[in-house]
Amino acid sequence: MLSNSKKVAVVTGAAQGIGLKIAERLFEDGYSIALVDFNEAVAKESAEKLSKEGQEAVAFKADVSNRDQVFSVLNQVVEHFGDLNVLVNNAGLGPMTPIESVTPEQFNQVVGVNVGGVFWGIQAAIEQFDKLGHGGKIINATSQAGVEGNAGLSLYSSTKFAVRGLTQVAARDLAMSKKDLNIKRKIIQSIAQLEEDDIHQLCLLDDLQLKNTLYARFKE
């Protein structure tokens, strides 16, 4: 186990799928984990399977499209664990939506979760890092669909392009304000790569390494 026994990571959309795999890997690396998901029952089952003596995984319910709930859940995490070091904004919806079929309800739901969830997550994490008096890492999961538009995925692709732009702007804004915070944008090349390598490696980088990696990517 790596020396992360006192560190706390939050993963959104962590009840199952990619989010759960990210949580499992971070837990394996020694982090205490907050599994945030709208499906509280499944998140609790996943957390119970992870937890062991001396290391804890806890489920928290939140609708990440709701700003108040995102701020509240990160407050709850810090109250429970006493710290926050990593936030992985993973929660997302990916319905098949040919552009002519998209309804206002679908638009609001998908944009609210996929973009709003990341936006509110960044804001809420900044608030907690400021209160705790230290920096941290915010990792925003995007997708190949945010690099090249995929037929039939008008909403999903649009939101993933948006997340890429949002992450770049947030990193620059926070660098200008001299906050001790690093944000890394990672374009997911494959699910396996994200599950087993990328999130794990990003959480292990120290601040200087992460900052250099971030700025090098921006200059490409």
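Among the residues of segment 42-65, what is the count of those that are out of contact with any helix residue (DSSP H, G or I) (no Cβ under 8 Å at 6 or more places or on another chain) and under 23 Å from Asn114 (Cβ atoms)? Even if it seems obvious, please write down each step before you answer.
Within segment 42-65, the subset out of contact with any helix residue (DSSP H, G or I) (no Cβ under 8 Å at 6 or more places or on another chain) is 42-45, 47-49, 51-54.
Remaining after also requiring under 23 Å from Asn114 (Cβ atoms): 42-43.
Count: 2.
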**Report entry** Residue count, segment 36-94 (criterion: open to solvent by less than 20 Å² (accessible area, probe 1.4 Å), β-branched (Val, Ile, Thr) and out of contact with any Cys (no Cβ under 8 Å at 6 or more places or on another chain))
**Finding:** 6
Query raised in the report: Out of segment 23-42, which residues are farther than 23 Å from Glu127 by Cβ, under 16 Å from the mean Cα position of the chain (by Cα) and without any contact (Cβ under 8 Å) to a residue 60 or more places away in the chain?
Result: Glu24, Phe27
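Quick check: is even one residue across segment 98-110 buried (at least 18 other Cβ atoms within 10 Å of the Cβ), within 18 Å of Gly17 (Cβ to Cβ) and in contact with a helix residue (DSSP H, G or I) (Cβ under 9 Å, 6 or more places away or on another chain)? If you could, list the steps in order and put the result at the bottom.
Step one: filter segment 98-110 for residues buried (at least 18 other Cβ atoms within 10 Å of the Cβ), giving 110.
Narrowing further to those that are within 18 Å of Gly17 (Cβ to Cβ): 110.
Those left that are additionally in contact with a helix residue (DSSP H, G or I) (Cβ under 9 Å, 6 or more places away or on another chain): 110.
The answer is yes; a qualifying residue exists.
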Query raised in the report: How about segment 27-97: which strands (runs of 3 or more DSSP E) wholly inside it have at least 1 residues that are of a type outside the set (Asp, Glu) and within 30 Å of Asn150 (Cβ to Cβ)?
Result: 32-37, 86-89
Query raised in the report: Which residue pairs have Cβ atoms closer than 6 Å, lie 6 or more positions apart in sequence or on different chains, and pair a first residue in segment 44-66 that is under 18 Å from Leu26 (Cβ atoms) with a second residue that is among the charged types (D, E, K, R) and at pLDDT 95 or above?
Result: Ala59/Lys44
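The values are calculated or read from the model by the stated rules, or taken from the named source; none is laboratory data. Everything numeric here is computed off the predicted structure, so don't read it as measured data. Note: ideal-geometry Cβ built from the backbone for every residue, glycine included; neighbour counts use all protein chains shown. Each accessible area value is taken on the protein alone, full model and side chains, heavy atoms only, with ligands, DNA and RNA left out. Shrake-Rupley method; radii C 1.70, N 1.55, O 1.52, S 1.80 Å.
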